[in-house]
Amino acid sequence: MFEKINKAIINGKCFTEDTEILLYEKPENRISIIYGKNGSGKSTLGEAINFIHSPNDNINKVSLVDFEGN
């Protein structure tokens, strides 16, 4: 499943609006490094991916989008 993911759209915590996060520019790229300042949403991205399996009150919405836009 994860090998087809291109980006995530997240709404929750520090992302008060639907926010698109590009994870991979090309299908052959399979490693992403997430870095940023404190409070920039790194942990929220992790919680959003976990939300797919275990919904919680911190995240409102998560969409994983493949390279074809699905």
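Checking each residue in the stretch 52-70 for being exposed (fewer than 12 other Cβ atoms within 10 Å of the Cβ) and of a type in the set (S, T, N, Q) picks out Ser54, Asn56, Asn70.
Looking across the stretch 1-51, the residues that are surrounded by fewer than 11 Cβ atoms within 10 Å (Cβ to Cβ), in a strand (DSSP E or B) and not hydroxyl-bearing (Ser, Thr, Tyr) come down to Glu17, Leu22. Residue count for the stretch 52-70, restricted to those that are aliphatic (A, V, I, L, M) and part of a loop (DSSP other than H, G, I, E, B): 1. Residue count for the stretch 5-37, restricted to those that are more than 20 Å from Glu68 (Cβ to Cβ) and among the basic types (Lys, Arg): 2.
Where a number appears in this text, it was derived from the coordinates with a stated rule and is not lab data. Small disclaimer: the values here were computed from a predicted structure and weren't measured. Methodologically, a virtual Cβ is constructed for each residue, glycine included, from the backbone with ideal geometry; neighbour enumeration extends over all protein chains shown.
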